[in-house]
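Scroll down for the structure; my scribbles are underneath it.
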Ligand code: UDP
Ligand code: MG
C-alpha cells in the first residue's frame, strides 16, 4: 500500500464526511492505493457513528479505532501508527485546517527526494492571533535551538513519514509536539519541511488552550534530558552532586580551619555557627548528597528498564 493517512479526532463529527471525501478524491486522482485510519479519541459527540457510516459507504479504505475515553492526541497517533500499513504515513488533523491537496507532494518528497520525515509549515496561519501565533514562534525558536532541527513549525498536524520512522518511535504523553525530535533521536536525519496551506477551522472548536505552552515547554525539557542522560542518569546527577558536595565540604573545612588557626594564634574570631556561609555550605553538602543518591536511583531504574538495550538496527550483512 502506498499511503496510510492517520487522523486523530476528538469531537469532529461535522468535519469527517467532507474530509474523507476530499482525501478519497485526491487519492483517486493520483492513483494511490491508500487507507484512512480514523482514531476516535473518546469523542462525546457522534463522531464514531459518522466513522461507521463512512466505512459502510466508502468501504475498506476507511479504518476506525475508537477509544473508550479521551486519552489525548499522542495516544491516538500511537495507535494509528501501530495500525498503519502504508509505505508512507501521513498524519493530519480532522478539523479541515490541513488540506489533503498537499498529500501528493509530501508523498513525492518522501519517495523521490529521500526524506525520512517532512513536516508541514503553516507559514500563514488562520488562528486567533495573540493566543497562538506569538507564543508558537517563541516556542518553535527554543525547540530549534535545543534540538538542532531546522523546522519552523514543529507542532503542525500535517506531516509525512517513511513507514520505518513511525515504527521506530514511540509517541506518548503529549510528545506529539516533538515527533521530529523523537525521529532525530532514533537516527533519522533527513528531516524536511514544506509550506502548507492552512485554513480557518470550519466546524467545532480548538481542543488545546494556553496550557499547551506550559506543558509543551516542560515536555521539551524532559525530552532533552531523556535523550542525553536517559540511559546514564548518574552522569548528570553524579557530576552536579559531586561538585556541590565538594564545594560545600570545602567551605565548611575552610571555616573550621580558620577558626582553629585563630585559636592557636590568639586572634579574635567569629563562631563558625554564627556565620551564614556555614549554613549555606551545609545545605550545599546535603543537596549534593541527595543529587548523588538520585543518580544511583536513576541508574537502578534504567538498569531494570526493558528499553535498556533497545536499538534500531538499520542493516546487517
Ligand atoms: N485531538 C485529539 N484528541 C484530543 C485533542 C485533539 O485527537 O484530546 C485532535 C483534534 O480532533 C484534531 C487534532 O487533534 O483533529 C488537532 O486539534 P486542534 O485542531 O484542536 O488543535 P489546533 O489546530 O488548535 O492546534
Ligand atoms: Mg486545528
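Just a few scattered comments:
- The chain: calculated mean residue ellipticity at 222 nm from DSSP helix runs of at least 4, using -39500 (n - 2.57): -16000 deg cm²/dmol
- Counting only DSSP beta bridges with both residues in the chain, the antiparallel share comes to about 30 percent.
- The slack between residue 112 and residue 253, meaning 0.36 nm per residue of separation minus the straight C-alpha distance, is 44.1 nm.
- Counted by neighbouring Cβ atoms within 10 Å, the residues 287, 253 run from fewest to most as 253, 287.
- The fewest-to-most ranking of 26, 181, 272 by surrounding Cβ atoms within 10 Å reads 272, 26, 181.
- Cα long-axis angle, helix 73-83 against the chain (0 to 90 degrees, to the nearest 10): 60
- Computed over region 183-317, the alpha-carbon pair-distance distribution with 10 angstrom bins reads 10, 19, 21, 18, 15, 9, 5, 2, 0, each value a whole percent.
- Label point distance in nm, residue 243-residue 300, each placed 7 Å from Cα along Cα→Cβ: 2.6
- Nearest-ten-degree value, helix 276-304 long axis tilted from longest Cα axis of the chain: 40
- The chain, relative contact order in percent, only Cα pairs under 8 angstrom and at least six apart counted: 17
- Annotation: the residues 40, 153, 127, sorted from fewest to most other C-beta atoms within 10 Å of their own C-beta, follow the order 127, 153, 40.
- FRET efficiency, 1/(1 + (r/R0)^6) with R0 41 Å, evaluated for residue 270 and residue 137 via beta carbons: 0.15
- Sequence-separation-based contact order of region 219-298, relative, with Cα cut under 8 Å and 6+ spacing, percent: 49
- Axis angle, to the nearest 10 degrees, between helix 134-147 and the longest C-alpha principal axis of the chain: 70 degrees.
- Residue among 275, 197, 97 with the largest mean-square fluctuation in a Gaussian network model of the chain, springs linking Cα atoms under 10 Å: 275
We did not get these values from a lab; they are worked out from the coordinates using the rules stated. Predicted model, so just to flag it, every value in this text is computed and none were measured. Methodologically, a virtual Cβ is constructed for each residue, glycine included, from the backbone with ideal geometry; neighbour enumeration extends over all protein chains shown.
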